[in-house]
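A short worksheet on the structure shown next.
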Amino acid sequence: MGSLFSAPKKPGLPRNEKRILPAQDHLEPAVRDQLLKLNDEIQGNVYLAAVDNEAYHQQRERPFYFNDANYPSAIILVESEEDVAKAVKCIKDLDKTKYSLCIAGGCHSNYCMVDHSITIDLQKLTSCRVDKDAKTICIGGGAKIGQANEVLRGTGLAFATGTNTDTGVSGLTLAGGAGYLGGQAGFACDTVVQARVVLPSGEIVTASDTNEHADLMRALRGGGGNFGIVVEWTFKLWDVSNAYGGTIVHFTPTMVSLKRVMSKYIDVVKDIPDEGCSLCALPAGAPVFVDVVTMIGGDQVKNAKSYKDIPFLSKISNLGAWFQMSNDVRRRDYINEIAVLLEPVQHRKFGFALGAMVYSFDEAMCDALIHFTRVDYPTKNVKGTIIAQAFSGEMRRNEGSRSSLRHRKAEAWIIIEGAYEPYATEQQIQAIKDWTKRVKDRVVELGGEDGPHNFCDTDGRRIKFFTEEQREFLHQAKKKYDPHNLMTLNKNIVATTTE
């Protein structure tokens, strides 16, 4: 049990009273009473929307993109799986046309703090335990990648996950999860051993490939938050005691030089060894091509005296740029140095990101990315960046019968990020929004697909991009575990195949 309100106000994001009051008034008296009663029954806290409820605002303002700090009607800050179960039981029979259930974990999704929703916030479920003998790690459903990495420090082991340490483990895994170990391990969801899940009924179950909830385990591997709330994951661990990595900045001031570099780049990444990984970035308007590269494990890495002794790293360091502005690729500790390579550029901001899976990372796709970062992009108080992560090895070889992922044969994941200054005008913000949409539309036109959250249409009527078997499986899993569609804020899968 906790306090509904807290005292002094601290400086934070601008607050919109015109949005707070409707969130506050959205709760009917009977529902408000239910939530007040829940506050007395759980270890955590229930925070109700109110202009002067500073505790509510501190939780509401957690999202990675500041502009995703919307106005839920209530935030339930849980401290245990029992709290989650009690919260679900409190909410599950409410009118779903009026009260939506929202789940907040790492808060990198615009579904994490939705206006007028009732939000279950998992941020205190961060306990992590390593079993070195079994080579597994148990990770709380609210933990971020960086928090899990802390307990792995010094072990020489790591789990396959994303590249931004601020990202929530749960949201990333439910969507698939691509990262530095993908070539040898597959997507993050492929390495899940089991999951503890609070079902929409409030029941707590353990899902694995070998028990009665094997279908739930498969659905959670890429099926999003459609089937329940994961309160703990168990992942396999991988040996990362030998690793090289770093960032290479290629100076490409002309479109011709960028075209030359990107042409060589796509040739190199088509043959990435399983131990390798590459993420490239094209900041709009900047005369550079930035590449973050790693090689983890294997005899080449173990025996190398320099990155030049590793063919993949040597090739990707020499792409024909005018010159390298910097190249810090070297032997590194995985947890202390490689897992945090992107931290300097992954900071909270005003902005948004779109994604697409690319099945042909070819010259036409490169031409499109060059066009939108050297010719067609807005500049005033806004910034656009296109990032591409090449897929390789187990991410593409895994036939996926134990998961819900469609994009097994994708060659790359394209991320289009638009950021803006807090003082940007509405017109300037709209310009960067329009730019991200134009980029994605062109990528899709060239054969890309919505991703990684490619579960279904946002109107919930049909699942896109899946085989008939996958579609039927996901519908049946939804029907079994969430027949009343409590878990709806996630590009929703519905419990019927009716179009």
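Values for this structure:
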read-out: Residue match in segment 13-27 (condition: at pLDDT 95 or above and either assigned to a loop (DSSP other than H, G, I, E, B) or touching a Leu at 6+ places or on another chain (Cβ under 6 Å) (or both)); value: yes
read-out: Residue among Val193, Val130, Val169, Val151 that alone is hydrophobic (A, V, I, L, M, F, W, C) and within 29 Å of Ala49 (Cα to Cα); value: Val169
read-out: Complete set of residues in segment 387-408 that are closer than 17 Å to Val444 by Cβ, modelled with pLDDT under 85 and either of a type in the set (A, V, I, L, M, F, W, C) or open to solvent by 40 Å² or more (accessible area, probe 1.4 Å) (or both); value: Arg406
read-out: Residue under evaluation Ala424, criteria (1) among the hydrophobic types (A, V, I, L, M, F, W, C); (2) more than 20 Å from Val288 (Cα to Cα); (3) crowded, with 22+ Cβ neighbours inside 10 Å; (4) in contact (Cβ under 8 Å) with a residue 60 or more places away in the chain, criterion not met; value: (3)
read-out: Extreme residue, farthest from Leu220 (Cα to Cα), among residues of segment 143-153 that are open to solvent by 40 Å² or more (accessible area, probe 1.4 Å) and in contact with a helix residue (DSSP H, G or I) (Cβ under 8 Å, 6 or more places away or on another chain); value: Arg153
read-out: Some residue of segment 380-390 being in contact with a helix residue (DSSP H, G or I) (Cβ under 7 Å, 6 or more places away or on another chain), farther than 27 Å from Gly182 by Cβ and of a type in the set (S, T, N, Q); value: yes
read-out: Any strands (runs of 3 or more DSSP E) falling wholly within segment 238-335 and containing at least 2 residues that are within 28 Å of the chain's Cα centre (by Cα) and touching a residue at least 40 places away in the same chain (Cβ under 8 Å); value: 243-251, 276-283, 288-296
read-out: Gly451 being surrounded by 18 or more Cβ atoms within 10 Å (Cβ to Cβ), small (Gly, Ala, Ser) and at pLDDT below 85; value: yes
read-out: Segment 290-304, subset among the β-branched types (Val, Ile, Thr) and closer than 20 Å to Trp413 by Cβ, residue most open to solvent (accessible area, probe 1.4 Å); value: Val290
read-out: Number of the exception - His347 against (1) under 29 Å from Thr155 (Cβ atoms); (2) in contact with a strand residue (DSSP E or B) (Cβ under 7 Å, 6 or more places away or on another chain); (3) not in a helix (DSSP H, G or I); value: (2)
read-out: Subset of segment 272-289 (residues that are in contact with a Gly (Cβ under 9 Å, 6 or more places away or on another chain), crowded, with 20+ Cβ neighbours inside 10 Å and small (Gly, Ala, Ser)); value: Gly276, Ala284
read-out: Residues being in contact with an Asp or Glu (Cβ under 8 Å, 6 or more places away or on another chain) and among the hydrophobic types (A, V, I, L, M, F, W, C) - total across segment 211-248; value: 5
read-out: Failed item, numbered, when Ala431 is tested on (1) at pLDDT below 95; (2) over 24 Å from Ser263 (Cα atoms); value: (1)
read-out: Residues satisfying the stated conditions in segment 350-368, i.e. in contact with a Lys or Arg (Cβ under 9 Å, 6 or more places away or on another chain) and closer than 20 Å to Thr163 by Cβ; value: Gly351, Phe352, Leu354, Gly355, Ala356, Met357, Phe361
read-out: Subset tally (residues that are farther than 15 Å from Thr136 by Cβ and surrounded by 13 or more Cβ atoms within 10 Å (Cβ to Cβ)) for segment 195-216; value: 14
read-out: From Gly140, Gly223, residue being under 27 Å from Gly393 (Cα atoms) and open to solvent by less than 10 Å² (accessible area, probe 1.4 Å); value: Gly223
read-out: Considering residues of segment 47-64 that are outside any helix (DSSP H, G or I) and under 16 Å from Gly105 (Cα atoms) only, the residue farthest from the chain's Cα centre (by Cα); value: Glu61
read-out: Flag if Tyr111 is within 25 Å of Ile139 (Cβ to Cβ) and either modelled with pLDDT of 95 or more or not acidic (Asp, Glu) (or both); value: yes
read-out: Flag for Val345 being open to solvent by 50 Å² or more (accessible area, probe 1.4 Å) and among the β-branched types (Val, Ile, Thr); value: yes
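Yes/no per residue for (1) under 17 Å from the mean Cα position of the chain (by Cα); (2) within 30 Å of Leu152 (Cα to Cα):
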{"residue": "Val375", "(1), (2)": "no, no"}
{"residue": "Ile386", "(1), (2)": "yes, no"}
{"residue": "Ala390", "(1), (2)": "yes, yes"}
{"residue": "Ala431", "(1), (2)": "no, no"}
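The values are calculated or read from the model by the stated rules, or taken from the named source; none is laboratory data. Remember, predicted model here, so these are calculated numbers, not experimental data. Using ideal geometry, Cβ is built from the backbone for each residue, glycine included, and neighbour counts are taken over all protein chains shown. Just so you know, the surface numbers come from the protein's heavy atoms only, side chains and all, with ligands and any DNA or RNA stripped out. Shrake-Rupley method; radii C 1.70, N 1.55, O 1.52, S 1.80 Å.
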